[in-house]
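Working notes, beginning with the structure itself.
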Amino acid sequence: MRTQAVQAALNRHAPFVLSLLAGAALWEIAGRNASPAFLVPLSETLVRLWELTASGQLGAQALDSATLFVTGLALAVAVGMPLGLLLARVRALRVGIEPYVMILYATPMVALIPFILALMGFGFGPKVLVVFLFAVFPVLYNTIEGARSIKPELIEVARAYRSSESALWREVMLPYTLPYTMTGVRQAIGRGLVGMVAAEFFLSSTGLGQLIMTASQNFDTGGVFAIILIIGLLGVALMRLGLFIEQRFARWRN
Amino acid sequence: MTDAAISRHQARAWLSTAALSRLVCGLVLLLSWEIAVRAFAPAYVAKPSGVLAAIPRVIVDPAFLQATGITLAAVAEGLAIALAAGIPLGLAMGRSLIVDRSLRHYVNGFYAVPMIVVLPLVSLWFGYSGAARLATIVFAAVFSIIINVADGARSVPKDYLEVASSFRSRRLRAMVDIVLPSATPYLLAGLRLAAGRALIGAVVAEFFTAIGGLGYFILYNSRTYKHDEAFVGVLLLAAFGVGFELFVATSTRRFLPWYRRDEHAN
């Protein structure tokens with residue numbers, strides 16, 4: 001019994017561990033054989049990462065980035081969700097605004113960065129605006145999509161039984177739209193992260209974006225790899241978080 | 001009136017109120033933008049009337065046309081590379097447990113990396129050139145194609161493959177004739193995502209490396225305080241984004257009518 005369980009676990013996890021080791025080995029070998037301006041081995045990247053961490057640089061800049069990301073994302077949810085729900089309830093308004101939200105959802109928001117720079121300059125505000133613009137439309141778009149999925153019959157039945165507005169929200173509107181909103185929040189997390197780095201690259205240079213820029217300007221390839229590794233791991237962790245949030249709410253969808 | 005005529009009449013009435021409320025909302029949005037800019041912002045800031053006036057000038061401007069052509073060609077080339085690399089890899093991941101388990105974490109990991117962070121790296125590798133932009137586009141696009149094709153290949157009904165193998169079809173044959181067609185809707189969903197990301201990738205690469213293209217056109221014009229002209233570029237990008245959404249949506253409905261787009265696509 002026991003050995004069987006061990007065997008099963010081994011079958012499940014061995015390929016993953018092996019692929020991780022193989023990837024690390026590949027990186028190490030390629031790095032040792034390539035010009036150090038192009039690629040540095042994993043070991044050197046880790047050493048550089050440790051240096052950046054020990055000097056306190058990484059922690060301080062990561063905190064800076066996190067503040068920007070969380071502020072922008074929180075604003076996007078705080079605006080996108082109520083607005084989406086309002087549109088869900090007021091049908092005439094929703095029909096009118098829907099196409100514009102769809103257009104803005106599909107527009108690459110990075111293209112607006114030069115305008116934001118010219119108008120608002122280099123402060124914290126414009127950077128938050130960038131993260132906000134990247135993140136708000138997925139929330140809004142998906143909330144509206146959820147509102148569309150509510151069968152009109154449900155609202156009619158609720159009305160026919162003279163349910164109050166608050167009961168209608170509690171029993172029909174929220175349960176039907178929230179799961180979609182959470183899909184939007186998951187997308188917003190991913191897009192917001194792109195917005196965060198874009199703001200740090202193209203507006204005033206701060207946070208993790210600044211660390212990468214300085215490293216690349218100093219031809220410190222190890223530093224570039226170290227920060228990319230950190231942002232990558234951050235991206236993976238945030239995506240997991242997004243999926244978790246989405247699945248928690250998806251339980252009552254269908 | 002017959003029932004059909006009544007419902008047709010109702011449909012038309014509804015359609016016209018929908019169109020009307022869209023028109024009204026659009027006008028209100030544009031008008032508040034116009035008023036806000038006129039009241040609070042400096043004269044060079046883009047406003048609807050200015051952008052409208054700039055459109056006829058910009059769309060015949062050879063610099064604009066050339067920039068658009070360059071960026072679109074780069075996006076198309078990058079998407080072609082991403083498809084050529086992503087489809088076989090996705091099929092292999094979807095049909096082989098070993099391949100899937102060894103590659104899945106890398107693919108998901110790279111997909112979650114905000115593509116924009118690779119810019120300093122690709123500009124280090126390829127210089128400030130079109131190759132850096134192409135690499136960014138491919139990186140932005142390829143992983144959503146791999147993930148979606150793998151999902152599609154995984155969801156092929158078992159019966160089909162059993163029939164194929166009991167008729168002694170070779171594996172490659174079954175891959176091309178059965179797995180690939182039934183993964184096509186997923187591929188289209190992946191392509192829709194990939195195209196949006198590719199467009200963003202092209203623009204950020206042009207911002208970063210200052211190589212010619214639509215992104216650089218926007219950057220340059222906004223720096224020289226020609227915001228109305230620059231905004232025409234933004235409108236074009238939005239049109240591409242929306243156009244591709246619609247293209248994929250209608251071609252899925254037209255050619256794969258049995259398939260309902262699944263909600264979990266990012």
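All of the numbers you see were taken from the coordinates with simple rules; none came from a lab. A quick note: this is a predicted structure, and the numbers were derived from the prediction, not measured. Here the Cβ positions follow ideal geometry from the backbone for every residue, glycine too, while neighbour counts run over all protein chains shown.
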Worksheet item: Over its Cα atoms, what ratio of radius of gyration to 2.2 N^0.38 Å does the protein assembly as shown give?
Response: 1.05
Practice prompt. Working from Cα positions, state the angle (0 to 90°, nearest 10) between the long axis of helix A:2-33 and the longest principal axis of chain A.
Written response: 60
Item to complete: May I have the pair-distance distribution P(r) for the range B:1-138, computed from all Cα-Cα distances with 10 Å bins from 0 and rounded to whole percent?
Response: 9, 17, 18, 22, 21, 12, 1, 0
Worksheet, complete the sentence: Over all viewing directions the Cα convex hull of the range B:103-166 casts an average projected area in nm² of 5.7
Worksheet entry | Dimensions in Å of the range B:49-265 - Rg and Dmax from alpha carbons | 20.1, 69
Discussion item. Cut-off 10 angstrom, C-alpha nodes, Gaussian network model of chain B. Which of B:I146, B:I137, B:I87 fluctuates the most?
Written reply: B:I87
Fill in: Sorted by Cβ neighbour density within 10 Å, fewest at the top, the residues A:Y176, A:Y141, B:Y128
B:Y128, A:Y176, A:Y141
Worksheet item: Can you give the angle from 0 to 90° between the axis of helix A:57-89 and the longest principal axis of chain A, with both taken from C-alpha atoms, to the nearest 10?
Response: 20
Worksheet item: Cα gyration tensor of chain A, axes a ≥ b ≥ c as square roots of the eigenvalues: rounded (a/c below 1.5), prolate (a/b > b/c) or oblate?
Response: oblate
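Could you compute the longest span of chain A free of trypsin sites (Lys or Arg not before Pro) located in DSSP loops and having at most 11 other Cβ atoms within 10 Å, not counting the site residues?
Numbers: sites that count: A:R162, A:R251.
For trypsin sites (Lys or Arg not before Pro) (loop position, at most 11 other Cβ atoms within 10 Å), the longest site-free span of chain A is A:1-161.
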Practice prompt. Arrange A:E156, B:E206 by Cβ neighbour counts within 10 Å, fewest through most, would you?
Written response: A:E156, B:E206
Discussion item. If you split all Cα-Cα distances of the range B:162-266 into 10 Å bins from zero, what percentages do you get per bin, shortest first?
Written reply: 13, 29, 23, 19, 10, 5, 1
Item to complete: Pull up the cross-link candidates among the aspartates and glutamates for B:K47, meaning alpha carbon to alpha carbon under 18 Å and not fewer than 8 places away within one chain.
Response: B:E34, B:D228, B:E229
Worksheet item: Among B:M115, B:M93, B:M175, whose mean-square fluctuation peaks in a Gaussian network model of chain B (Cα, cutoff 10 Å)?
Response: B:M175
Worksheet item: Once phi is turned into ³J(HN,Hα) by the Karplus curve 6.51 cos²θ - 1.76 cosθ + 1.60 with θ = phi - 60°, what whole-Hz value does each residue of the range A:221-232 show in order, with x for glycine and proline?
Response: 4, x, x, 4, 4, 4, 6, 4, 4, 5, 5, x
Worksheet item: In degrees between 0 and 90, to the nearest 10, how far off the longest principal axis of chain B does helix B:130-154 point, with axes built from Cα atoms?
Response: 50
Item to complete: Once you've got the GNM for chain B with C-alpha springs shorter than 10 Å, pick whichever of B:K226, B:K47, B:K158 has the biggest mean-square fluctuation.
Response: B:K158
